[in-house]
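Visitor: Handing you a structure now.
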Amino acid sequence: DFTLPSTDGEVVTLSELRGSPVILNFWATWCPPCRAEMPELEAFWQMYKSDQLLLIGVDQGEDSAVVEEFARGVVDTTFPLLLDQRTDVGALYRVRALPTTVFIDADGRIQAIKVGGPLNRASLMDGGQRIGLAVQR
């Protein structure tokens with residue numbers, strides 16, 4: 001479990017999200033594969049957020065202004081963004097490369113981890129199926 005601030009100033013605790021499938025995407029603005037997969041993550045978020053999916057970007061080591069300017073201005077994402085400024089949560093999840101994407105089912109169990117990127121639609125659909133989404137192929 002973890003608690004992190006969002007770029008919107010809210011505080012998010014993972015265990016409070018239980019009951020919904022969650023995708024955690026560990027990333028940073030300086031990471032080329034992270035940047036490249038953002039449009040695909042946004043498209044997946046738009047497609048499945050009505051199915052109770054929570055897709056959350058967990059930025060590694062950067063401040064809110066940098067993250068917000070990049071994500072909302074450059075790549076135009078709308079999914080929630082959390083700030084892991086000391087990378088403690090990244091260490092907890094044993095993130096060794098960026099991006100790393102963790103697929104967690106509604107019961108709070110990790111069902112898949114994708115290391116590296118950029119993720120494509122097929123990888124997201126595979127992970128989505130593992131956490132109980134009725135993905136459309």
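The values are calculated or read from the model by the stated rules, or taken from the named source; none is laboratory data. Only a predicted model underlies this, so the values are computations on that prediction, with no experimental measurement involved. Methodologically, a virtual Cβ is constructed for each residue, glycine included, from the backbone with ideal geometry; neighbour enumeration extends over all protein chains shown. For the accessible areas, the whole protein counts, side chains as well, though only heavy atoms, and no ligand, DNA or RNA atoms are used. Shrake-Rupley method; radii C 1.70, N 1.55, O 1.52, S 1.80 Å.
Visitor: What are the residues in the stretch 73-91 that are open to solvent by 30 Å² or more (accessible area, probe 1.4 Å) and farther than 16 Å from residue 33 by Cβ, if any?
Guide: 73, 76, 78, 80, 85, 86, 87, 88, 91
Visitor: Identify all residues within the stretch 118-134 that are outside any helix (DSSP H, G or I) and surrounded by fewer than 19 Cβ atoms within 10 Å (Cβ to Cβ); write none if there are none.
Guide: 118, 120, 132, 134
Visitor: Have a look at 52, 46 and point out the one that is of a type in the set (S, T, N, Q), at positive phi and open to solvent by 70 Å² or more (accessible area, probe 1.4 Å).
Guide: Step by step, each of 52, 46 is checked, and only 52 is of a type in the set (S, T, N, Q), at positive phi and open to solvent by 70 Å² or more (accessible area, probe 1.4 Å).
Visitor: Can I ask one more? Kindly list, by first and then second residue, each pair from a residue in the stretch 86-107 that is within 21 Å of residue 18 (Cβ to Cβ) and among the acidic types (Asp, Glu) to a residue that is open to solvent by 30 Å² or more (accessible area, probe 1.4 Å) and outside any loop (DSSP other than H, G, I, E, B), limited to pairs with Cβ atoms under 7 Å and residues at least 6 apart or on different chains.
Guide: The qualifying pairs are 105/111.
Visitor: Would you point out which residue out of 4, 83, 98, 14 is among the hydrophobic types (A, V, I, L, M, F, W, C) and closer than 24 Å to residue 132 by Cα? Let's see the steps before the verdict.
Guide: Working: 4 fails: closer than 24 Å to residue 132 by Cα; 83 fails: closer than 24 Å to residue 132 by Cα; 98 fails: closer than 24 Å to residue 132 by Cα.
The match here is 14.
Visitor: Could you check how many residues of the stretch 92-117 are open to solvent by 70 Å² or more (accessible area, probe 1.4 Å) and either touching a Pro at 6+ places or on another chain (Cβ under 8 Å) or hydrophobic (A, V, I, L, M, F, W, C) (or both)?
Guide: Number of matching residues: 4.
Visitor: Is it true that residue 71 is in contact with a Pro (Cβ under 9 Å, 6 or more places away or on another chain) and touching a residue at least 12 places away in the same chain (Cβ under 8 Å)?
Guide: So residue 71 does not fit the description; no.
Visitor: Can you give me the number of residues within the stretch 3-21 that are within 22 Å of residue 127 (Cα to Cα), surrounded by fewer than 21 Cβ atoms within 10 Å (Cβ to Cβ) and within 13 Å of the chain's Cα centre (by Cα)?
Guide: Qualifying residue count, the stretch 3-21: 1.
Visitor: What are the residues in the stretch 12-23 that are hydroxyl-bearing (Ser, Thr, Tyr) and either at pLDDT below 95 or part of a loop (DSSP other than H, G, I, E, B) (or both), if any?
Guide: Hit for the stretch 12-23 is 20, nothing else.
Visitor: Give the number of residues within the stretch 19-34 that are touching a residue at least 60 places away in the same chain (Cβ under 8 Å) and farther than 17 Å from residue 129 by Cα.
Guide: Filtering the stretch 19-34 down to residues touching a residue at least 60 places away in the same chain (Cβ under 8 Å) leaves 19-28, 31, 33-34.
Still in the list and also farther than 17 Å from residue 129 by Cα: 26-28, 31, 33-34.
Number of matching residues: 6.
Visitor: Pairs needed: first member in the stretch 110-137, within 15 Å of residue 25 (Cβ to Cβ) and without any contact (Cβ under 8 Å) to a residue 40 or more places away in the chain; second member anywhere, in a helix (DSSP H, G or I) and hydroxyl-bearing (Ser, Thr, Tyr); C-beta distance under 7 Å; at least 6 residues apart or different chains.
Guide: Taking only residues 6 or more apart or on different chains, the pairs are 114/123.
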